[in-house]
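Peer 1: Have a look at the structure that comes next, please.
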Amino acid sequence: MQRNGSFWQSLTRTKPTEEIVGEGGQGEGGRLKRTMGLWQLTMFSVGATLGTGIFVILGEAAPLAGPAVVVAFALAAITALFSALSYAELAGTIPVSGSSYSYAYATLGELVAWVCGWCLLLEYAVSVSAVAVGWGQYLNEFLNGLFGFTIPAALSAPPGDGGVVNVTAIAVVLLATWLLLGGASESARANAVMVVLKVAVLLFFCVVAFTAFDSGNLTPFAPMGIAGISAAGAQVFFSYIGFDAASTAGEEARNPKRDLPLAILLSLVIVTVVYVLVALAAVAAVHYSDLAGSEASLAMVLTNVIGGSWAAVLLSLGAVIAIASVVLTVLYGQTRILFAMSRDGLIPKIFSRVNPRTQVPTANIWLVSAFVALLAGLVPLGRLAEATSIGTLFAFALVNIGVMVLRRTRPDLERSFRTPLFPLTPILGTLFCVFLMTRLDHVTWLVFLLWILVGLGAYFAYGHRKSRLARAVRGANTP
């Protein structure tokens with residue numbers, strides 16, 4: 001622990017990895033409970049990654065790459081893999097709840113860790129709200145197809161888009177809250193069931209679509225060449241965001257050093273296989289040009305292959321389950337990152353207060369869920385939702401840099417997983433993240449920079465003074 005009291009060193013002070021790991025699970029008034037195995041952790045990451053994106057993304061990506069959209073999904077997976085390998089190494093070395101926030105605290109210092117954690121707040125809170133907003137649409141499609149009625153738009157549509165209060169968005173957030181309050185193991189079991197169901201729906205789509213396989217639809221394979229494939233790859237990359245969800249469960253995993261790296265990499269493999277199969281089945285069943293502009297591309301493919309409306313009903317059910325799973329896992333990750341930040345003194349202690357009976361941070365869950373529910377139900381998010389991508393890429397870049405820093409500063413640490421081809425892998429991971437960030441809209445950058453400025457104000461007004469590390473340094477320097 002650094003003892004120099006200069007202002008600059010107070011911003012760059014790092015927290016020893018032994019101290020971070022030693023605090024694992026301990027919060028105000030109790031400890032988190034280690035209940036999750038490899039299966040539950042993998043399902044958490046799959047649940048957070050496999051959302052509604054695949055149900056709509058083909059309509060946006062296929063026109064860019066043609067049938068080679070299959071390659072675009074594989075290319076995006078390789079891009080994500082570089083960061084996933086860095087996450088796997090740090091998750092196995094520093095298996096705690098804070099994910100990239102805690103990794104940055106151990107490698108890049110308190111200020112960078114705060115900015116990382118602050119960016120994750122934007123990513124998680126806004127992304128889960130934006131996802132929840134769309135739940136009513138898919139729920140109505142399912143209810144209409146099955147029972148012939150829908151929930152009024154005033155109660156199921158986003159505010160400003162025909163809705164007054166998006167009650168359905170609030171409902172799915174409250175459902176996830178109820179599961180989270182029951183305990184980590186209960187949440188993990190519910191999520192695993194939802195993940196199995198949504199994967200089953202997508203595999204069913206593949207089976208049906210492959211019955212209409214037409215090799216003619218795959219030629220020419222790459223009509224727009226490499227440029228089209230790379231453009232589509234950059235677009236579908238965001239369908240892979242969420243593979244790091246398991247890293248937020250570091251203090252509730254039974255064998256974190258072994259299981260966290262495996263869960264992160266396994267989830268990426270599972271999601272990639274599903275995406276590639278779905279993309280191949282779709283572009284082989286219909287001509288890629290028919291997918292252009294379709295917001296329900298998979299439903300269109302099934303209707304084209306077998307006719308009738310029941311296929312669309314089934315896919316809408318898959319989307320309803322997918323959204324519920326994403327809301328659950330992302331809310332979970334949000335609360336655990338806040339738990340770690342609170343334990344470090346950077347935000348109020350109430351976020352790290354653990355219920356001794358359920359062994360979960362109850363007040364934290366209620367506060368986060370209430371904020372997300374209000375955001376989803378009452379606020380027109382609009383383009384703000386796009387800002388979640390830049391926050392995620394920023395966190396990914398920091399993790400890649402953190403791996404290189406920790407290898408240099410603490411080569412003696414026990415690492416249950418080592419990133420292969422070091423340092424090439426984390427360097428490529430960082431460069432890919434920066435490249436994708438540059439492709440985002442200027443409005444997204446403006447929101448991101450404003451959010452960071454607000455975060456810096458909050459840090460210097462509260463976190464810098466209240467930090468446990470700062471208090472320890474001040475105590476050591478006091479005669």
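Peer 1: Do you know which residues across region 153-166 are surrounded by fewer than 16 Cβ atoms within 10 Å (Cβ to Cβ) and either touching a Leu at 6+ places or on another chain (Cβ under 6 Å) or closer than 20 Å to A324 by Cα (or both)?
Peer 2: V165
Peer 1: Determine which single condition A470 fails, assuming it passes every other condition in (1) in contact (Cβ under 8 Å) with a residue 40 or more places away in the chain; (2) surrounded by fewer than 18 Cβ atoms within 10 Å (Cβ to Cβ).
Peer 2: Single failed check for A470: (2).
Peer 1: Looking at this structure, is F394 surrounded by 14 or more Cβ atoms within 10 Å (Cβ to Cβ) and of a type outside the set (K, R)?
Peer 2: Yes.
Peer 1: Would you say F371 is surrounded by fewer than 21 Cβ atoms within 10 Å (Cβ to Cβ), aromatic (F, W, Y) and either within 24 Å of the chain's Cα centre (by Cα) or not in a helix (DSSP H, G or I) (or both)?
Peer 2: Against the criterion (surrounded by fewer than 21 Cβ atoms within 10 Å (Cβ to Cβ), aromatic (F, W, Y) and either within 24 Å of the chain's Cα centre (by Cα) or not in a helix (DSSP H, G or I) (or both)), F371 qualifies.
Peer 1: Is it the case that some residue within region 428-437 is touching a Pro at 6+ places or on another chain (Cβ under 6 Å), among the β-branched types (V, I, T) and in a helix (DSSP H, G or I)?
Peer 2: For region 428-437, residues touching a Pro at 6+ places or on another chain (Cβ under 6 Å), among the β-branched types (V, I, T) and in a helix (DSSP H, G or I): absent.
Peer 1: Additional query: For A246, indicate whether it is closer than 30 Å to L121 by Cβ, at pLDDT below 95, aliphatic (A, V, I, L, M) and within 22 Å of the chain's Cα centre (by Cα).
Peer 2: Yes, satisfied.
Peer 1: Being more than 24 Å from G216 (Cα to Cα) and in a helix (DSSP H, G or I) is the filter here, so list the residues in region 282-310 that pass it.
Peer 2: W310
Peer 1: Could I ask something else about it? What are the pairs with Cβ atoms under 7 angstrom where one residue, in region 135-163, is free of Cβ contacts under 8 Å to residues at least 60 places away in the same chain and the other, located anywhere, is surrounded by fewer than 21 Cβ atoms within 10 Å (Cβ to Cβ) and of a type in the set (S, T, Y)? Sequence gap at least six, or different chains.
Peer 2: Final answer for the pair search is N140/T150; L143/T150; N144/T150.
Peer 1: Residues to consider are T335, T272; find the one that is touching a Pro at 6+ places or on another chain (Cβ under 8 Å), in a helix (DSSP H, G or I) and at pLDDT 90 or above.
Peer 2: Checking each option against the conditions leaves just T335.
Peer 1: A follow-up question, please. Which of the residues that make up region 90-133 are β-branched (V, I, T), outside any loop (DSSP other than H, G, I, E, B) and more than 17 Å from the chain's Cα centre (by Cα)?
Peer 2: T93, T107, V112, V115
Peer 1: Here's another thing I want to ask about it. Quick check on region 148-166. Is at least one of its residues farther than 20 Å from A376 by Cα and touching a helix residue (DSSP H, G or I) at 6+ places or on another chain (Cβ under 9 Å)?
Peer 2: yes
The values are calculated or read from the model by the stated rules, or taken from the named source; none is laboratory data. What you are looking at is a predicted structure, and each value in this text was computed from that prediction instead of being measured. Every residue, glycine among them, receives a Cβ derived from its backbone with ideal geometry; neighbour counts consider all protein chains shown.
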